[in-house]
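The values are calculated or read from the model by the stated rules, or taken from the named source; none is laboratory data. What you are looking at is a predicted structure, and each value in this text was computed from that prediction instead of being measured. Here the Cβ positions follow ideal geometry from the backbone for every residue, glycine too, while neighbour counts run over all protein chains shown. Side chains included, ligands, DNA and RNA excluded: accessible areas come from the protein's heavy atoms. Shrake-Rupley method; radii C 1.70, N 1.55, O 1.52, S 1.80 Å.
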Amino acid sequence: MRAHLLISSALLFAAITSYAADEGNSAAPFQKSFSLELGSGIQPLHMTLAPSHKEKLAYADKGIITQEAGNLDCPVISFSEVWRTRPHWELCLTEGISWKIMELRQYDNVFGTDPNGNPRYDISKSPTDIGRGASLPVGSLTFQARFIWSPKWKVTVYSALGAGLTTVTAFYPMPLVTPIALRFKGEHFYVFAEATMGPVATFGHGGIGWKF
């Protein structure tokens, strides 16, 4: 965590310096643009709140118990639409989806049935590992405004603030904060990396984009 903050602070200082330098230079007339981004990252915070009782009940009927495989076993997929509205500003709408990966263990010994006709499993014996399963997906929709510190550089540096809704938090918005992010751009294709915290991802998020 401390190293993460130090790196973010150093990049932010460099971004402020580049912004000050850019302000004194002239450039070609600004043109608005639209981009699409595909990304992934570390599981967002709301996934720690994601209920898994439905999956547990469904597996329990088959004599299977579940256990989360760990924080890193939570796939994250994001898809963003980005509108460059001014030289130093972008607006971004991101749709995200995540789900939990669970370890599955099976009780093998069956004795009779319960009142609902489901088989009874002998839980006095240790279950066997049978692999992994996936929880129901959790979605998010996040809006953010990005401030471009270095619009004239080959490597774009930006920060962002926003908020989003998730299928876990319902109508309670979750904030998004991106202190620093880098974009390595070509004429159309680019790669980006963000130090972010919010509904999209936690700490790390990156991917590819295409500017139209």
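Out of all the residues in the range 186-211, which are more than 27 Å from LEU165 (Cβ to Cβ) and assigned to a loop (DSSP other than H, G, I, E, B)?
GLY186, GLU187, HIS188
Does the range 114-132 include one or more residues that are under 28 Å from the mean Cα position of the chain (by Cα), loosely packed, with under 12 Cβ neighbours inside 10 Å and not in a loop (DSSP other than H, G, I, E, B)?
yes
Taking the range 71-90 only, how many residues are assigned to a strand (DSSP E or B) and surrounded by fewer than 16 Cβ atoms within 10 Å (Cβ to Cβ)?
7
Determine whether LEU104 is at pLDDT 80 or above, open to solvent by 20 Å² or more (accessible area, probe 1.4 Å) and hydrophobic (A, V, I, L, M, F, W, C).
no
Which ones in the range 87-101 are of a type in the set (A, V, I, L, M) and modelled with pLDDT of 85 or more?
Once the filter is applied, which keeps residues that are of a type in the set (A, V, I, L, M) and modelled with pLDDT of 85 or more, the range 87-101 yields LEU91, LEU93, ILE97.
Go through the range 145-162 and give me each residue that's over 20 Å from the mean Cα position of the chain (by Cα) and of a type in the set (Ser, Thr, Tyr).
SER150, THR156
Might you check whether a residue that is modelled with pLDDT of 85 or more, part of a loop (DSSP other than H, G, I, E, B) and open to solvent by less than 60 Å² (accessible area, probe 1.4 Å) occurs anywhere in the range 41-52?
Looking for residues that are modelled with pLDDT of 85 or more, part of a loop (DSSP other than H, G, I, E, B) and open to solvent by less than 60 Å² (accessible area, probe 1.4 Å), one finds at least one in the range 41-52, hence yes.
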